[in-house]
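K.L.:
Here's a structure for you.
The values are calculated or read from the model by the stated rules, or taken from the named source; none is laboratory data. Bear in mind that the values here come from a model prediction, so they are computed numbers and not experimental data. Note: ideal-geometry Cβ built from the backbone for every residue, glycine included; neighbour counts use all protein chains shown. Surface areas here come from the heavy atoms of the whole protein model, side chains and all, with no ligands, DNA or RNA. Shrake-Rupley method; radii C 1.70, N 1.55, O 1.52, S 1.80 Å.
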Amino acid sequence: MKADERKARVREVRRRLAREGPPRTRGPEGDFETITVPERDCDHLRDLLITEGAQTVVEIGLAYASSALAIGEALVTINPPRPRHVIIDPFQERDWSNVGWDLLRSAGLDSIASLTLAPSSIALPQLLTEGFVADAAFVDGSHRFHEIFVDCYFLRKLVRPGGLIVIDDAWASSVQTAVHYYERNLGWTVVPDAFPNGSPSTVASGTRTEPVARCKAIRLPDPSFEPPFEEFRAF
């Protein structure tokens, strides 16, 4: 299948998912609308990866596959010799009945994607042991502070220097706090305007509620470095 035909196939699955929703959900009413990354943000994610020329991407969290399909579209558009999309989701089979993986297969993306049904705290160090290197990562797994902190710890070793890490639900206090450590101490920098007019989330701030961006793109330092012990910056 030619590259243009592959892109058209992926785009059709993406459009159908956004228009009609998934063929099945895990149960609660409105679960798809609540859980999935909105189409507009997925478009920004796709465009960001295309601009980066990403060839290898690791993704934490699959669910209904909206972000995975966007990543797949980016890889098909770039069309590198050996594209690779590594997806980690321990709940895809048990809780999601493989709906996200089935959508990727229907788009023909299972030829470049693989799914690991293990917690990221196990899967990421295994990738590190194997010598895996990614150009970019998309993180939408557990939002517990200690788990997102561990995800970031391993991703800074797996994503190449100067590569990208994109965080979903970056507004959540647990996620903000974990990522802030790496910004303060390890040279992570926010990519401005990576998600222009992205889908906002409403967050309480004192007595007010304010709209904040849902997704956040971060550039890793190049070269990477380890800070001296005595230079810890509270976060």
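K.L.:
Could you pull the Rg and Dmax for the stretch 16-95, using just the Cα atoms, both in Å?
P.N.:
Gyration radius and largest Cα-Cα distance of the stretch 16-95: 13.3, 42 Å.
K.L.:
Any idea what the dipole of the chain comes to, in debye rounded to 20, about its Cα centre with Lys/Arg Cβ at +1 and Asp/Glu Cβ at -1? Show your work: numbers first, answer last.
P.N.:
Numbers: 27 positive and 33 negative charges, 85 e Å.
The calculated dipole for the chain is roughly 400 debye.
K.L.:
List the lysines whose Cα sits under 26 Å from the Cα of K216, skipping any in the same chain fewer than 8 residues away.
P.N.:
K7, K157
K.L.:
Let me check something: with ligands and nucleic acids excluded, how do H44, H85, H180 order by accessible area (1.4 Å probe), largest to smallest?
P.N.:
Correct descending sequence by accessible area is H180, H44, H85.
K.L.:
At 1.4 Å probe size, with every protein chain present, just tell me what the per residue accessible area of the stretch 77-235 comes to in Å². Don't skip to the end; give the middle numbers.
P.N.:
Details: 8180 Å² over 159 residues.
Normalised by residue count, the accessible surface of the stretch 77-235 is 51 Å².
K.L.:
Let me ask something else about it. Given H placed on each backbone N at 1.01 Å, which residues far from G163 in sequence or on other chains put an amide H within less than 5 Å of it?
P.N.:
L220
K.L.:
Still on this structure, I have one more. I want to check the label-to-label distance for R184 and F235. Put each point 7 Å from Cα in the C-beta direction and report it in nm to one decimal.
P.N.:
0.8 nm
K.L.:
Moving on. Per q in 0.23 Å⁻¹, report the Debye log10 I(q)/I(0) for the stretch 108-224, using one uniform scatterer on each alpha carbon and no solvent.
P.N.:
Log10 I(q)/I(0), no solvent term: -1.43.
K.L.:
Then there's this: About the Cα centre of the stretch 125-235, how large is the charge dipole given +1 on each Lys and Arg Cβ and -1 on each Asp and Glu Cβ? Please answer in debye to the nearest 20. Each step should come with its number before you reach the end.
P.N.:
Details: 10 positive and 14 negative charges, 38 e Å.
Computed about the Cα centre, the dipole is about 180 debye.
K.L.:
Moving on. Give me the percent of Cα-Cα pairs in the chain that sit more than 28 Å apart, rounded to a whole number.
P.N.:
27 percent
K.L.:
Also: With θ set to phi - 60°, apply the Karplus curve 6.51 cos²θ - 1.76 cosθ + 1.60 along the stretch 140-155 and write out the HN-Hα couplings as whole Hz, x wherever there is a Gly or Pro.
P.N.:
8, x, 5, 9, 5, 3, 5, 7, 5, 4, 5, 4, 5, 4, 6, 5
K.L.:
Only sites in a loop by DSSP and with at most 15 other Cβ atoms within 10 Å count here; which trypsin sites (Lys or Arg not before Pro) in the stretch 1-34 make the cut?
P.N.:
K2, R24
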